[in-house]
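The structure appears below as structure tokens.
The values are calculated or read from the model by the stated rules, or taken from the named source; none is laboratory data. Note that this is a predicted model, so its numbers are computed, not measured. Virtual Cβ from ideal backbone geometry, glycine too; neighbours counted across all protein chains shown.
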């Protein structure tokens, strides 16, 4: 039983399946193969990247939709790939696409959309308004705490019944990357490793709880992702008054 | 009304199309791309040439051009309202309508076929069905029934004298969903016939993929059906569209070859004690008779009344799970009035 592939830890299984996606389950001696892999990896011959497909392209698609005027994508393709690399194969395995998309036109500004996970393996990160965000009404305390934890400067304007959120420096990018994207990856990991790709495998509450735990677990063990050069061109003009 | 054959290869089919047009008082012309007039060396055909038509002429003649072929998006001919002035286009026997003519069409119409293996009719028979439904007042759509087989009457093809005509009729019967038919072959054109006749008849019936069961019936044998309906071109009995054919397999529909059988004097009592007549609604009574044309029109009408099973509904796949991450609804605060000066100062 100890050598059964079905009892592989997630990380080992993900690594194996990303490297040899079409191998039969019964191929090779696992112990020997892992030893060889480890040696090859140490020697720098084998990388944890997914092998390219026939066209020489990575199987993971990153689709970038240009944002609307007054909006921008806080993270870029390079940020996402670097984060995925730092997490290892557990996050990449089964991930089909990451989309930097526009928010739907009829979405209200009072309910900002950050991200979405669509099973199987599709993560959507929505465009965000250029900071500072001036939101009508008061934020729920949980959201306030989350923003402040991410480095945002939140100012409540009780006289105007509004909330002002500013994202100094690199904080919005870090928030999108290390909070939203990791949260969606958490959904993906839970959903994908159950093997039932198109079936809801946990209650929504449990799914969200797992995604939050995934964020907490990986935030603490993650190195800060360096900001790539030339990143951060703003699409659109001026600030936006939500 | 104008019937146009596009790229018809077989002169016998072209001639029968001309006769089908004559049945309904329409004219028939051909867009000859397959050397139709060059193939008139067959001594069995009368000396005549087929009137050609070109694409620009066709465009200029009628504003409504109906492509009669099983093209994508084609509507059923049953219940289709064509209006008084139109052109019907029918295509080549094997390849159907050419793109050049299909692109001119303002409407696309087809005859719904029920067989899985025979999905088209003889081109002349199809032209007769087209003109029958487009020239006559519109009928209702094809019936939808849970079990159409329980409403389909038995079919007897009586006294056909031409193997091509009988073969095309058998092909039509299979295409319209009959699984068996009785044949009273008094002229020996189907059973126990010459090898050449047999081969030509089988080819016309597309026997290689036609799975209909043909039951030979001895001439002058008696039957005991509760009711028999005789289909005729003479104005006897009810019009075809107003006769109820969907009475089930206890009923027999007899289609006699009227070039050999006089319907008025024939002894019909041997089929059933109760015999009814149904006639085709034709504007003219004097036209060259073709068994396949009359029979196919009758079979199309019976098929319309018998109907088809409802289209199977595919169960909708469950929606894959989607998880959103958003800010959540912000607590609403009552708005307040702001003066313009304050707003400018802000």
Note on residue B:241: of the conditions (1) surrounded by 13 or more Cβ atoms within 10 Å (Cβ to Cβ); (2) part of a loop (DSSP other than H, G, I, E, B); (3) away from every other protein chain (no Cβ under 14 Å), unmet is (2)
Just one of A:219, A:191 is touching a residue at least 24 places away in the same chain (Cβ under 8 Å) and farther than 30 Å from residue B:316 by Cα; which is it?
-> A:219
Single residue of region B:306-319 satisfying the filter (surrounded by fewer than 24 Cβ atoms within 10 Å (Cβ to Cβ) and in contact with a helix residue (DSSP H, G or I) (Cβ under 9 Å, 6 or more places away or on another chain)) that is farthest from the other protein chains (Cβ to nearest Cβ) = B:307
Residue ID - farthest from the other protein chains (Cβ to nearest Cβ), chosen from residues in region B:271-290 that are out of contact with any strand residue (DSSP E or B) (no Cβ under 8 Å at 6 or more places or on another chain) and more than 26 Å from residue B:141 (Cβ to Cβ) = B:286
For the subset of region A:96-114 comprising residues that are within 22 Å of residue A:219 (Cβ to Cβ) and modelled with pLDDT of 90 or more, which member is nearest to the other protein chains (Cβ to nearest Cβ)?
-> A:114
Residue within region A:145-153 that is in a strand (DSSP E or B), more than 23 Å from residue A:212 (Cα to Cα) and either within 11 Å of chain B (Cβ to nearest Cβ) or touching a strand residue (DSSP E or B) at 6+ places or on another chain (Cβ under 8 Å) (or both) present | no
Go through the residues of region B:38-49 one by one and say whether even a single one is surrounded by 20 or more Cβ atoms within 10 Å (Cβ to Cβ), at pLDDT below 90 and part of a loop (DSSP other than H, G, I, E, B).
-> no
With respect to residue B:297, is the statement that it is closer than 30 Å to residue B:14 by Cα and either modelled with pLDDT of 85 or more or within 14 Å of another protein chain (Cβ to nearest Cβ) (or both) true?
-> yes
Number of the condition not met by residue A:198 [criteria: (1) at pLDDT below 90; (2) within 8 Å of chain B (Cβ to nearest Cβ); (3) in contact with a strand residue (DSSP E or B) (Cβ under 9 Å, 6 or more places away or on another chain)] = (3)
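In region A:154-165, what residues are surrounded by fewer than 21 Cβ atoms within 10 Å (Cβ to Cβ) and closer than 25 Å to residue A:215 by Cβ?
Passing the criteria: only A:154.
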Just need a number here: residues in region A:165-187 that are in contact with a strand residue (DSSP E or B) (Cβ under 6 Å, 6 or more places away or on another chain) and either within 12 Å of chain B (Cβ to nearest Cβ) or without any contact (Cβ under 8 Å) to a residue 12 or more places away in the chain (or both).
-> 5
Scanning region A:133-142 residue by residue, those buried (at least 19 other Cβ atoms within 10 Å of the Cβ) and either more than 10 Å from chain B (Cβ to nearest Cβ) or modelled with pLDDT under 85 (or both) turn out to be A:134, A:135, A:139
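Can you go through A:173, A:102 and tell me which one is in contact with a helix residue (DSSP H, G or I) (Cβ under 8 Å, 6 or more places away or on another chain) and closer than 14 Å to residue A:73 by Cα?
Result: A:173 is the single residue among A:173, A:102 that is in contact with a helix residue (DSSP H, G or I) (Cβ under 8 Å, 6 or more places away or on another chain) and closer than 14 Å to residue A:73 by Cα.
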Of all residues in region A:166-195, count the ones that are over 17 Å from residue A:80 (Cβ atoms) and surrounded by fewer than 20 Cβ atoms within 10 Å (Cβ to Cβ).
-> 7
